[in-house]
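The values are calculated or read from the model by the stated rules, or taken from the named source; none is laboratory data. As the structure is a computational prediction, the values presented were derived from the model and not from experiment. Don't worry about glycine lacking a Cβ; one is built from the backbone with ideal geometry, like all the others, and counts go over all protein chains shown. For the accessible areas, the whole protein counts, side chains as well, though only heavy atoms, and no ligand, DNA or RNA atoms are used. Shrake-Rupley method; radii C 1.70, N 1.55, O 1.52, S 1.80 Å.
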Amino acid sequence: SADVLKESFETDQIKIAAWNVNGLRAVMSKDHLQEYLKATEPDILCLQETKIHFDNLTSGSPSYTFPGAYHQIWNCCEIQKGYSGVLVLTKVKPLSVIYGIGQEKHDKEGRVLTLEYE
């Protein structure tokens, strides 16, 4: 079922999609992302330019729920609210997650996530 988190990918074929949303709030308010997820059911969806700050995730408002079962891995910009940011929605929890590229001046912009799978 699409609503159950998985321990591993069930086949040797994985559907990975990427989308520069240029602001997640607007895409979510128009249901574009929800419709895309229901129609395509990617195993991994990489979103760029979410423009969401960590404060918005921990305050409980707005709510970011997605159809299907996905782990959410966020990397938000630390230097300016409403700027850059990435999100990976994945049906399988990765073995490890690396935030950034190891260069502090770039990593604070929240532009890179590296996920490792078996």
| Which residue, of T50, T58, is under 24 Å from Y117 (Cβ atoms) and either of a type in the set (S, T, N, Q) or modelled with pLDDT of 85 or more (or both)? | T50
| So is G68 under 17 Å from Q34 (Cβ atoms), under 15 Å from the mean Cα position of the chain (by Cα), surrounded by 16 or more Cβ atoms within 10 Å (Cβ to Cβ) and of a type outside the set (A, V, I, L, M) or not? | yes
| remark: Filtering the stretch 40-55 for residues that are among the hydroxyl-bearing types (S, T, Y) and buried (at least 17 other Cβ atoms within 10 Å of the Cβ) leaves a count of 1
| task | Could you check how many residues of the stretch 17-39 are open to solvent by 40 Å² or more (accessible area, probe 1.4 Å) and either in a loop (DSSP other than H, G, I, E, B) or not acidic (D, E) (or both)? | result | 13
| task | State all residues of the stretch 97-118 that are touching a Phe, Trp or Tyr at 6+ places or on another chain (Cβ under 9 Å), touching a residue at least 40 places away in the same chain (Cβ under 8 Å) and in a loop (DSSP other than H, G, I, E, B); if no residue qualifies, say none. | result | Y117, E118
| message | Condition (residue is at pLDDT 95 or above and more than 24 Å from H106 (Cβ to Cβ)) applied to the stretch 16-30: is it met by at least one residue? | response | yes
| message | If I filter the stretch 71-96 down to residues being among the hydroxyl-bearing types (S, T, Y) and part of a strand (DSSP E or B), which single residue comes out as surrounded by the fewest Cβ atoms within 10 Å (Cβ to Cβ)? | response | S96
